[in-house]
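> Sharing a structure with you now.
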Ligand SMILES: *Cc1c(COP(=O)(O)O)cnc(C)c1O
């Protein structure tokens with residue numbers, strides 16, 4: 001641990017608690033888990049193993065390679081592949097017992113041709129215009145059973161475009177279209193479950209739950225709502241080691257491009273995390289005379305990043321580079337920050353959503369960009385997370 005520049009602590013107990021919370025919210029529906037993109041950066045295998053232990057049976061991945069890796073971990077799980085069936089890969093899916101989420105007639109045709117009746121999901125577009133078959137294609141399937149003969153349709157699915165905004169009119173439009181599609185198809189596929197809601201959709205009310213809900217980001221402590229607090233427990237703490245603490249003379253600059261200038265005598269902590277670790281370059285902050293109004297040590301608005309270090313918040317100073325970032329710790333007592341200390345980048349003091357906001361993106365992207373360089377540790381129940389609170393690890 002002492003040799004690690006960055007430490008990423010994943011609290012699987014928090015993931016389990018978030019799963020339990022969603023189960024209560026969506027009581028009566030199956031709660032599947034979306035573990036695509038390495039479980040949003042947290043680590044697909046340990047996350048899926050824990051969720052399976054919590055009773056989760058159905059998982060969604062993005063592609064067949066993720067699916068095959070998950071199959072190694074969970075021989076019994078139901079695994080759906082959201083990106084559908086890639087041309088010429090049906091045998092590969094069948095071998096790992098993966099269920100493609102079929103998004104076109106062409107995919108359906110290929111899956112049928114793969115041989116023995118194989119389970120799959122049918123994906124319908126109800127207004128997002130990303131993937132999915134049309135309402136006209138739903139009609140065609142209802143009228144001509146030969147189009148789907150030999151496919152065990154186990155799930156009928158659609159995806160909401162605006163579930164992060166409860167009041168958005170598009171939600172009800174999509175709900176209505178999905179209900180119409182189900183009314184046409186259910187008589188033909190009596191075994192199929194229906195699923196519409198991702199994390200945000202679950203909170204639109206029971207009318208959106210159907211047989212199965214598909215949360216992703218909420219399991220990992222990210223905010224599925226725009227501009228509204230959320231009830232989920234943060235599951236990730238990211239810390240970076242202090243490589244050096246240095247004094248900077250008034251008027252001197254820090255970092256690439258010399259964009260940050262010390263208004264007065266300043267103290268700067270150099271941290272072992274940069275944009276290669278998902279500490280985005282957009283978390284850079286300009287001159288202490290500019291962005292933070294000439295008052296070093298104060299929070300630099302929401303345009304630059306900040307870290308929790310030495311018992312206080314410290315704004316990023318200058319450009320974030322690949323492997324390092326600098327923080328202005330001038331306002332903290334001398335000696336509060338020492339070489340070898342750990343600074344919190346994400347954690348109890350700085351939520352993943354705050355980092356997203358400051359970086360000009362959202363928590364989803366911060367999580368999935370965490371990078372492979374952190375030393376990772378997984379804790380099961382969160383009781384050890386005090387050791388990861390940005391203090392001295
Ligand atoms: C990613 C994804 C989800 C999960 O969405 P969250 O907003 O992270 O809960 C659910 N369904 C589909 C089709 C997805 O692509």
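Here, each number is a calculation from the coordinates, and none is a lab measurement. A quick note: this is a predicted structure, and the numbers were derived from the prediction, not measured. Positions of Cβ are generated from backbone atoms using ideal geometry, with glycine treated the same way; all protein chains shown enter the neighbour counts.
> Between residue 282 and residue 54, with labels modelled 7 Å along Cα→Cβ, what's the label distance in nm to one decimal, could you check?
So the label points at residue 282 and residue 54 sit 2.9 nm apart.
> For the ranges 310-319, 360-369, 47-56, 181-190, what's the packing order if you count other beta-carbon atoms within 10 Å of each residue, average per peptide, and put the highest first?
Per-residue mean Cβ counts within 10 Å order the peptides as 310-319, 360-369, 47-56, 181-190.
> Please work out the C-alpha center-to-center distance from segment 183-204 to segment 95-128 and express it in whole Å.
Between the Cα centres of segment 183-204 and segment 95-128 lies a distance of 16 Å.
> Which length gain, in nm to one decimal place, applies between residue 321 and residue 104 when the Cα-Cα distance is subtracted from 0.36 nm times their residue separation?
73.8 nm
> Over all directions, average the projected area of the Cα convex hull of the chain and note it in nm².
Here the figure is 20.0 nm², rounded to one decimal.
> Then there is this: Could you sort the peptides 165-172, 261-268 by per-residue average Cβ neighbour count (10 Å cutoff), highest mean leading?
261-268, 165-172
> Could you tell me how far the Cα centroid of segment 241-261 sits from the Cα centroid of segment 304-354, in Å?
Taking the Cα centre of each part, segment 304-354 and segment 241-261 sit 13 Å apart.
> I would also like to ask the following. Given the DSSP H assignment, sum -39500 (n - 2.57) over each helix run of at least 4 residues in the chain and divide by its residue total; what's the result at 222 nm in deg cm²/dmol, nearest 500?
-7000 deg cm²/dmol
> At 7 Å along Cα-to-Cβ for each site, give me the label-to-label distance between residue 130 and residue 144 in nm.
Between residue 130 and residue 144, the simple spin-label model gives 3.0 nm.
> Treating the angle as unsigned and between 0 and 90°, give the value, to the nearest 10°, between the Cα long axis of helix 169-185 and the longest Cα principal axis of the chain.
The angle comes out near 30 degrees.
> Between 0 and 90 degrees, rounded to the nearest ten: what's the tilt of helix 44-53 against the longest Cα principal axis of the chain?
It is inclined by approximately 60 degrees.
> What FRET efficiency comes out for the pair residue 96/residue 183, r = Cβ-Cβ distance, R0 = 35 Å, nearest 0.05?
0.55
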